Structure formats: C-alpha cells, structure tokens
1. Do any residues in region A:46-65 that are within 6 Å of ligand 2 (Cβ to nearest atom) have Cβ atoms under 8 Å from those of residues that are basic (Lys, Arg), where the two are at least six apart or on different chains, and which pairs are they?
2. Checking the conditions here, which among B:Ala80, B:Ala66 is within 27 Å of B:Asp163 (Cα to Cα), of a type in the set (A, V, I, L, M, F, W, C) and open to solvent by less than 20 Å² (accessible area, probe 1.4 Å)?
3. Give B:Ile53, B:Ile86 a once-over and let me know the one that is without any contact (Cβ under 8 Å) to a residue 40 or more places away in the chain, touching a helix residue (DSSP H, G or I) at 6+ places or on another chain (Cβ under 8 Å) and among the β-branched types (Val, Ile, Thr).
4. Consider B:Tyr199 against the criteria (1) farther than 21 Å from B:Leu291 by Cβ; (2) surrounded by 13 or more Cβ atoms within 10 Å (Cβ to Cβ); (3) among the hydroxyl-bearing types (Ser, Thr, Tyr): it satisfies all of them except one. Which criterion is unmet?
5. Determine whether B:Lys102 is assigned by TED's automatic domain parsing to the domain that holds B:Leu15, open to solvent by 10 Å² or more (accessible area, probe 1.4 Å), in contact (Cβ under 8 Å) with a residue 12 or more places away in the chain and away from ligand 1 (no atom under 16 Å from the Cβ).
6. Considering only residues that are open to solvent by 20 Å² or more (accessible area, probe 1.4 Å), within 14 Å of ligand 2 (Cβ to nearest atom) and out of contact with any Leu (no Cβ under 6 Å at 6 or more places or on another chain), which ones fall in region A:31-44?
7. For B:His141, work out the one condition from (1) under 24 Å from the mean Cα position of the chain (by Cα); (2) open to solvent by 10 Å² or more (accessible area, probe 1.4 Å); (3) within 16 Å of ligand 2 (Cβ to nearest atom) it doesn't fulfil.
Amino acid sequence: MKELVYLPDVVTLELCESTCNGCGMCVKVCPHEVFELSGKKAHIINRDYCMECGACALNCQVKAISVKSGVGCAAGIISGILSNSEPTCGCSQSNSTCC
Amino acid sequence: MRTNFIHGSIQNNGLAVPLVTDRLEIKDYLGSFMVRWGINRGNYMVNTGLFAIGNPDSSSDVFVSANYKLSFDSLRKNLAGINGWILVLDTKGVNVWCAAGKGTFGTKELVRQIKNVSLDKIVIHRRIIVPQLGATGVAAHIVKEETGFNVHYGPVRADDINDFIAAGYRATKEMRKITFKFSERGKLIPNDFVYGKFYLFGALAVVFLLSLIGKHDFPGYSLNDGFKAMFNIFLGYCSGVVVTPAILPFIPFRRFAVKGFITGIVLSIILLFLNLTGENLLENISWFLLLSAISSFLAMNFTGSSTYTSLSGVKKEMKTAVPLQIIFAAAGIILMILGKIF
Ligand code: SF4
Ligand code: SF4
C-alpha cells in the first residue's frame with residue numbers, strides 16, 4: 001500500500017547537521033523514516049512524513065534536533081482552545097499498534 | 001486490577017516475582033473486545049512492577065510495558081517461548097504510545113521502576129527493551145546516565161519481537177515503521193463510534209425538534225418526518241466515524257476534514273435519490289449542508305487516532321475547516337426551518 005502522507009510543508013522539524021554526531025538514534029526511534037544516516041551525519045529525507053511526535057529530539061544527546069511536538073488531534077486542539085491551554089489529548093483512543 | 005494471567009511466582013533474590021502466562025484466555029479476549037467499544041476503558045489495568053514469563057534467570061531479557069492491559073496482553077502473547085522479565089510502568093492504564101506522548105510512559109517513571117525493583121540485582125546484563133513508540137517519552141541517554149541500563153528500542157509492533165531478538169536486538173526498517181492499515185483503522189472505529197455519542201444525541205435531538213415546526217399536521221406527519229431526520233443524522237454520523245476512517249486512503253485529498261466532507265456529500269446524494277432528504281429544494285439543500293458539515297467535523301476528529309498526522313498539520317486544516325463547518329451547519333439549520341415554514 002502507498003505511504004500515507006499528511007499535509008506538505010507544515011512540520012516544525014529542524015535538524016542542525018553541524019551539531020549532529022552521527023549516533024543514529026533518530027533513525028532508530030522515528031516511526032516514519034524521516035531520517036537517513038550517511039557520511040556520519042543524519043539527514044532529513046522525508047520531511048513531510050513527520051508527525052511531530054518528538055521522539056527524535058528527545059533521544060538526541062547533542063540536541064541537534066528540534067520539533068514542536070504534540071498530538072495531532074483535533075479534539076485535543078479544540079479542548080485546548082476552550083480551556084485556553086496547550087492541546088492535550090484525552091487519549092480516548094486505543095492504539096492498535098501499541099505494544 | 002486484573003490478575004487472571006498470573007500463574008504462580010518465581011523466587012529471585014528472596015523476592016517473589018509473579019509469573020505470567022503467555023496464553024490469552026477467553027476472559028482476555030472478551031476484555032479487549034469490550035475495551036475497544038469503550039467499556040471499562042479507564043480501568044483496564046494490570047499491576048506495575050516486575051513480572052516473569054517462561055523461566056527467566058539473571059541473563060534473560062527485560063521488556064518494558066505499560067499497565068494498560070491491552071498493551072500488556074499483546075506483549076506477553078508475543079513472548080511465547082521466551083524466558084524474560086517484564087517491567088510494567090505506571091501509565092495510569094493508558095497504552096504505550098499515548099502515555100509516551102503525555103510523558104507518563106517516560107524517562108522518570110522508567111528510572112523509578114528500574115530502581116524500585118532493583119533491576120540491577122535481578123539481571124547481570126544492562127540491557128532493557130523498550131517499545132519504539134515509547135521513545136516519545138523516554139530519553140535513552142538519560143536512562144543510561146541514571147541507572148546504567150542501555151535502552152534498546154524494540155519493534156513498533158509486538159508481533160515482531162521474536163524476529164527482533166533473533167536479529168541481535170536490531171529492528172529492521174519494516175519493524176520501525178508505523179503503519180495504518182485497514183485492520184488497524186478498523187480496531188479504532190468502535191471506540192470512536194461510542195466516544196462521539198454526545199454529539200450524536202445532541203444532533204438527533206435538534207433535528208427531531210426542528211421537524212416539529214411547520215405546517216404539517218401534528219403529530220402523525222411531523223413524527224414521521226422527525227424519525228426520517230434522525231435516521232439521516234445517524235447516517236451522517238456513520239459517514240464521519242465509520243466510512244471515512246475505513247476507506248481513508250482511497251478518498252482523495254489529504255485533509256481529513258475534506259475527506260469527511262466528500263463522504264458526507266456522497267451520502268446526501270444517495271439520500272436525495274432515495275427520496276429521504278426532504279420535501280422541497282430548501283430542505284434538500286439543508287441536508288447537503290448538514291450532512292457534509294457533520295461528516296467533515298467527525299472525520300477531522302479522526303486525526304487524533306491516526307498514526308501520521310502532525311499537530312501543525314491538524315492546526316492548519318482546522319483553521320479553515322472549523323469556520324466552514326460552523327457556517328454549513330448554521331446555514332443548514334436555517335434553511336431547514338425556512339423549508340418547513342414556507
Ligand atoms: S540523534 Fe542527534 S546526534 Fe544522533 S544521528 Fe540523530 S541528529 Fe545526529
Ligand atoms: S518528530 Fe517523530 S515522526 Fe517526526 S522526525 Fe522525529 S521521530 Fe520522526
């Protein structure tokens with residue numbers, strides 16, 4: 001099946017390649033194949049696949065990655081606006097993929 | 001707390017560690033079926049701390065899980081034939097991914113549990129296997145600093161654990177990738193169906209009351225009209241929470257609100273041909289507006305369940321979608337009233 005891709009050019013993901021030490025952790029944690037390691041540096045190869053989960057930034061020891069992470073969830077954004085706070089997910093959903 | 005899966009205990013360092021079975025019983029399947037329909041969801045938990053599976057010793061692997069029973073069950077089922085330890089974090093009964101997003105499945109809790117059960121005395125190696133989707137909450141290098149344990153991110157799906165171990169604790173590209181297949185979307189539908197019930201009841205009540213307005217002789221005709229209207233609303237609800245998620249990749253456009261809008265329009269065309277929309281042009285138009293707005297709004301909410309939508313993207317689509325949904329719904333209600341009066 002073809003890759004599901006969301007909106008183009010919206011994500012807040014930034015990678016500072018000069019800071020990167022090539023540890024490869026971002027490649028391991030990203031569930032959407034956003035990064036690739038070549039020449040001892042990480043590169044963003046599929047930027048629009050990113051869902052802003054924040055796993056890469058959290059696991060990058062040298063803080064080469066930044067992303068404004070959060071749950072992409074309309075209900076959460078609405079309740080965030082109503083309560084005048086950051087979007088939060090009620091997490092009513094059971095994710096089939098969890099283990 | 002559910003404990004039917006505990007079959008005895010094993011002694012380790014003078015501690016009795018509960019031994020769990022890798023077999024799921026009817027009770028487990030029943031429980032997971034109910035929880036997918038939103039029944040007992042907030043309370044589907046197992047105890048936290050250390051468990052044993054198979055016949056583990058000090059060189060066996062340690063697998064980290066959440067105290068949501070569905071997560072725990074899926075892990076122990078896939079550990080059949082493996083001797084290992086399971087370390088369950090306190091995620092308040094929420095699955096690994098959602099809990100990691102909230103931070104309850106996180107560095108702090110993992111470090112706390114490792115220390116709490118004295119994991120360094122249970123095993124001689126310094127390797128723990130954390131599901132990859134937990135990485136959103138866990139910083140591997142900090143866990144290493146604070147406990148000495150190396151976090152190995154396991155596969156996204158618990159079914160791949162055996163292959164992951166066989167490959168020397170290396171996840172292949174496929175194991176690392178999150179998917180959103182028909183079967184995976186299908187499992188989410190029942191809960192979303194139940195979750196939106198208050199929207200549904202509200203909308204049903206509104207159209208029923210609206211149908212009482214007008215020139216038709218009360219009660220016979222109006223009631224009939226009212227039930228027809230409620231039926232339409234129910235189908236609009238299904239269009240947003242069942243049909244759109246089920247055929248998601250096959251509906252054109254990337255925005256969920258647009259996908260839902262399209263299924264809503266298709267539904268209204270079908271209803272129009274079945275002569276179920278209304279008596280006159282105004283009512284027909286009002287059903288187009290109402291059904292597409294409802295379907296679009298509910299489909300947009302499915303972004304919360306999807307595995308590939310980003311916060312920035314959802315915000316972007318909501319900026320245009322929500323005002324339009326409100327305008328469509330309001331216009332739909334006004335036209336319906338006008339259609340009934342004139
Ligand atoms: S995790 Fe950070 S340092 Fe490691 S490869 Fe990725 S960007 Fe580079
Ligand atoms: S935020 Fe998540 S999806 Fe985006 S690049 Fe990082 S790990 Fe991948």
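1. Pairs that qualify, where the first residue is within 6 Å of ligand 2 (Cβ to nearest atom) and the partner is basic (Lys, Arg), are A:Glu52/A:Lys68.
2. B:Ala66
3. B:Ile53
4. Only one criterion is unmet by B:Tyr199, namely (1).
5. Answer is yes for this residue.
6. Once the filter is applied, which keeps residues that are open to solvent by 20 Å² or more (accessible area, probe 1.4 Å), within 14 Å of ligand 2 (Cβ to nearest atom) and out of contact with any Leu (no Cβ under 6 Å at 6 or more places or on another chain), region A:31-44 yields A:Glu33, A:Glu36, A:Leu37, A:His43.
7. (1) is the only condition that B:His141 fails.
The values are calculated or read from the model by the stated rules, or taken from the named source; none is laboratory data. Bear in mind the structure is a predicted one, so any value in this text is a computation, not a measurement. All Cβ positions, glycine included, derive from the backbone under ideal geometry; neighbour counts span all protein chains shown. Note: areas computed on protein heavy atoms with side chains; ligands, DNA, RNA excluded. Shrake-Rupley method; radii C 1.70, N 1.55, O 1.52, S 1.80 Å.
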